[in-house]
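Colleague: One structure, pasted below without further comment.
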2 protein chains.
Amino acid sequence: MHGRTQGAAVGDMTQRLLLALSLIASATAVPAVIRTVPDDPTAGSSGAADAADALFCDSWRLSVETANAGPWSAVPSRCGAFVRDYMEGPRYASDSAVADADALAFASEALAAAEWGGSASARPAWVFDVDETLLSNAPYYAVNGWGSQEFNETSFDEWVDAAKAPTLPSSLNLYNQLQGLGFHVILLTGRSEFQRNATELNLLFAGYNSWEKLILRQPYDIGKNAVQYKSERRAAMEAEGFKILGNSGDQWSDLIGSPMATRSFKLPNPMYFIS
Amino acid sequence: MHGRTQGAAVGDMTQRLLLALSLIASATAVPAVIRTVPDDPTAGSSGAADAADALFCDSWRLSVETANAGPWSAVPSRCGAFVRDYMEGPRYASDSAVADADALAFASEALAAAEWGGSASARPAWVFDVDETLLSNAPYYAVNGWGSQEFNETSFDEWVDAAKAPTLPSSLNLYNQLQGLGFHVILLTGRSEFQRNATELNLLFAGYNSWEKLILRQPYDIGKNAVQYKSERRAAMEAEGFKILGNSGDQWSDLIGSPMATRSFKLPNPMYFIS
């Protein structure tokens, strides 16, 4: 016996494929930007080296997305152009769309299932991170090295204040669909309380029209890593009577820790790591 | 404040890159096999459709590797050729090599760190799954549709009995390095006790020369899914005094559940899902 067990909740793959395709087709491209990642100076002189870089960088990206890589501080220097191409080309939008389609397929099944205990006392909730989950900071990273430069808090805060981060189209679609299904949408971000106004303005600018609550870091959260801060807030949500069925985030630190959502959905982010 | 916190354990990236490269270079190709996944009949007639499939299938594979996809029963029909090409080409070996390099980088640091409590009473252990972790069943799946056909227990058991599954070169390297570092290597497989002899023969054939113990499913494990079965066995290891620092497996069901290893490493597998 091979020990293989079919899961009971295999989704309707056809529906997912169609949805993912339609989302990819409707995804808007990242705005054209000044490129600050230099093209590989060896390009043209060594096709084999380019191919080796492409192969390695794709594997490095997978190791980031699966959390195999563990903590990391910068995109490997040989992968700067790879990350730029990934973010600017169709792959980032496609990967995001499939992740969001997975989330929606689960959400529909989960609401229908009795197992989550859909009693009057429990309110079904979905938690979203903000940066690289609802809003894209690609235009900022496009002029700041696509993750190959050290994080600059000053310039990033200026970008946040401008409140012009574009939407992530497949996330906006998921968001609206979840609200239509009756989910309470809770936003849980590593941004700080002093950025509440800019964040709300940006969310509205990006097409997110309403939310149950927007939770930002408070002064007493300083020094907590994201796992601790976000886990504490999820515990508080449960204490308030929310049943967190789903959680979408671009960092594993958005998703792990106790309590966890029934299902968590990792959105792609090859640009930076937050512990 | 952006809430970004640097992890304390950022590895030596340069070393990892070099190791990963050397492993990729030494990885042997999957043996040539009869192809049973038909080439896309529309190939040549529609380059746009091919490109859309390639884009989607790569995103589908990421959703599998991140567990976003949840339970799934077969490779999407449009992705059959994609999975074949992934497994036969350099990407599978590259992705495996980077995952194994991540594991080795962690292992070296973890043994050196005091935090795991390396007292005389705790023995550092590393758990490995067997199929698609130490041994490759690619030659079997090559003649059985690369995951696009329903699982056939009879023919798979015949393949197991033949004991000719080739090694996964980067896993063998990790395995030997871990033993050199002093780890107790424990093999925990979904294969059944009646397959012990064939499994041991195959492991020796593939270059794995010794192990602390090889744990297979017993009759009383029938009906347990992999998460339950493997979690119970990890708990037993800890009760015996092993400290499970690392766990390598190609399925999330090898890795999740309580207790978990300090760090878990997901090896790639786009061919099948085990709950």
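Colleague: Tell me which of these A:Asp85 doesn't satisfy, since it passes every other one: (1) facing another protein chain (nearest Cβ under 10 Å); (2) open to solvent by 30 Å² or more (accessible area, probe 1.4 Å); (3) more than 25 Å from B:Gln251 (Cα to Cα).
Modeller: With (1) facing another protein chain (nearest Cβ under 10 Å); (2) open to solvent by 30 Å² or more (accessible area, probe 1.4 Å); (3) more than 25 Å from B:Gln251 (Cα to Cα) applied to A:Asp85, the lone miss is (1).
Colleague: For residues that are surrounded by fewer than 15 Cβ atoms within 10 Å (Cβ to Cβ) and under 20 Å from A:Asp254 (Cβ atoms), tally how many sit in segment A:142-161.
Modeller: The qualifying residues number 1.
Colleague: So, one more: Which residue pairs have Cβ atoms under 6 Å apart, sit 6 or more places apart or on different chains, and have a first residue in segment B:198-217 that is more than 26 Å from B:Ala236 (Cα to Cα) and within 14 Å of chain A (Cβ to nearest Cβ) and a second that is open to solvent by 60 Å² or more (accessible area, probe 1.4 Å) and at pLDDT 95 or above?
Modeller: none
Colleague: Keeping to segment B:87-96, report how many residues are closer than 14 Å to B:Gly145 by Cβ and not charged (D, E, K, R).
Modeller: 1
Colleague: Looking only at segment B:232-260, which residues are away from chain A (no Cβ under 13 Å) and open to solvent by 50 Å² or more (accessible area, probe 1.4 Å)?
Modeller: Of everything in segment B:232-260, those that are away from chain A (no Cβ under 13 Å) and open to solvent by 50 Å² or more (accessible area, probe 1.4 Å) turn out to be B:Glu232, B:Glu238, B:Ala239, B:Glu240, B:Lys243.
Colleague: Evaluate segment A:233-251: report whether one residue or more is of a type in the set (Ser, Thr, Tyr) and over 21 Å from A:Glu109 (Cβ atoms). If you could, list the steps in order and put the result at the bottom.
Modeller: Of all residues in segment A:233-251, those of a type in the set (Ser, Thr, Tyr) come to A:248.
Then drop every residue that is not over 21 Å from A:Glu109 (Cβ atoms), which leaves none.
Checking segment A:233-251: not a single residue is of a type in the set (Ser, Thr, Tyr) and over 21 Å from A:Glu109 (Cβ atoms).
Colleague: Under the condition of being open to solvent by less than 20 Å² (accessible area, probe 1.4 Å) and in a strand (DSSP E or B), which residue from segment B:162-192 is nearest to the other protein chains (Cβ to nearest Cβ)?
Modeller: Residue satisfying both the conditions and the ranking: B:Gly190.
Colleague: Identify, from the list A:Tyr229, A:Tyr272, the residue that is open to solvent by less than 50 Å² (accessible area, probe 1.4 Å), within 12 Å of chain B (Cβ to nearest Cβ) and more than 25 Å from A:Trp60 (Cβ to Cβ).
Modeller: Sole residue among the options that is open to solvent by less than 50 Å² (accessible area, probe 1.4 Å), within 12 Å of chain B (Cβ to nearest Cβ) and more than 25 Å from A:Trp60 (Cβ to Cβ): A:Tyr229.
Colleague: Give all pairs with beta carbons closer than 9 Å in which a residue from segment A:156-184 that is in contact (Cβ under 8 Å) with a residue 24 or more places away in the chain and under 17 Å from A:Met271 (Cβ atoms) meets a residue that is open to solvent by 40 Å² or more (accessible area, probe 1.4 Å) and assigned to a helix (DSSP H, G or I); count only pairs at least 6 apart in sequence or on separate chains.
Modeller: Final answer for the pair search is A:Ala165/A:Trp159; A:Ala165/A:Phe205; A:Pro166/A:Phe205.
Colleague: Turning to a different aspect of this structure: Only residues that are small (Gly, Ala, Ser) and at pLDDT 95 or above: list them for segment B:104-127, please. Reasoning before the result, please.
Modeller: The first filter runs over segment B:104-127 and keeps only residues small (Gly, Ala, Ser), leaving B:105, B:107-108, B:110, B:112-114, B:117-122, B:125.
Listed by number, the residues that qualify are B:Ala105, B:Ala107, B:Ala125.
Colleague: Here's a check for you: in segment A:212-222, which residue that is out of contact with any Asp or Glu (no Cβ under 9 Å at 6 or more places or on another chain) and part of a loop (DSSP other than H, G, I, E, B) is modelled with the lowest pLDDT?
Modeller: A:Ile222
Colleague: Considering every residue within segment B:80-103, establish whether at least one is more than 21 Å from A:Pro268 (Cα to Cα), of a type in the set (D, E, K, R), modelled with pLDDT under 95 and assigned to a helix (DSSP H, G or I).
Modeller: no
Colleague: Could you tell me which residue of segment B:201-223 is surrounded by the fewest Cβ atoms within 10 Å (Cβ to Cβ), considering only residues that are within 21 Å of B:Ser171 (Cβ to Cβ) and more than 17 Å from the chain's Cα centre (by Cα)? Working first, answer last.
Modeller: Pass one, segment B:201-223, residues within 21 Å of B:Ser171 (Cβ to Cβ): B:201-216.
Filter once more, so that each one left must be more than 17 Å from the chain's Cα centre (by Cα): B:201, B:204-205, B:209-213.
Details: B:Leu201: 14, B:Leu204: 12, B:Phe205: 15, B:Asn209: 11, B:Ser210: 9, B:Trp211: 17, B:Glu212: 17, B:Lys213: 14.
Checked segment B:201-223; the qualifying residue surrounded by the fewest Cβ atoms within 10 Å (Cβ to Cβ) is B:Ser210.
Colleague: May I pose another question? Do any residues in segment A:222-242 that are of a type in the set (Gly, Ala, Ser) have Cβ atoms under 9 Å from those of residues that are open to solvent by less than 20 Å² (accessible area, probe 1.4 Å) and part of a helix (DSSP H, G or I), where the two are at least six apart or on different chains, and which pairs are they?
Modeller: Every condition considered, the pairs that remain are A:Ala226/A:Ser253; A:Ala226/A:Asp254.
Colleague: Of the numbered conditions (1) at the interface with chain B (Cβ under 10 Å from one of its Cβ atoms); (2) open to solvent by 40 Å² or more (accessible area, probe 1.4 Å); (3) more than 28 Å from B:Pro76 (Cα to Cα); (4) free of Cβ contacts under 8 Å to residues at least 40 places away in the same chain, A:Arg91 satisfies every one except a single condition; which is it?
Modeller: (3)
Colleague: Give the number of residues within segment B:55-69 that are assigned to a helix (DSSP H, G or I) and hydroxyl-bearing (Ser, Thr, Tyr).
Modeller: 2
Colleague: For residues that are without any contact (Cβ under 8 Å) to a residue 60 or more places away in the chain and within 8 Å of chain A (Cβ to nearest Cβ), scanning just segment B:70-82, find the one that is nearest to A:Ser96 (Cα to Cα).
Modeller: Filtering first and then ranking leaves B:Gly70.
The values are calculated or read from the model by the stated rules, or taken from the named source; none is laboratory data. None of the values given here were measured: they were computed from a predicted structure. Positions of Cβ are backbone-derived with ideal geometry, glycine not excepted, and every protein chain shown enters the neighbour counts. For accessibility, only protein heavy atoms count, side chains too; no ligands or nucleic acids. Shrake-Rupley method; radii C 1.70, N 1.55, O 1.52, S 1.80 Å.
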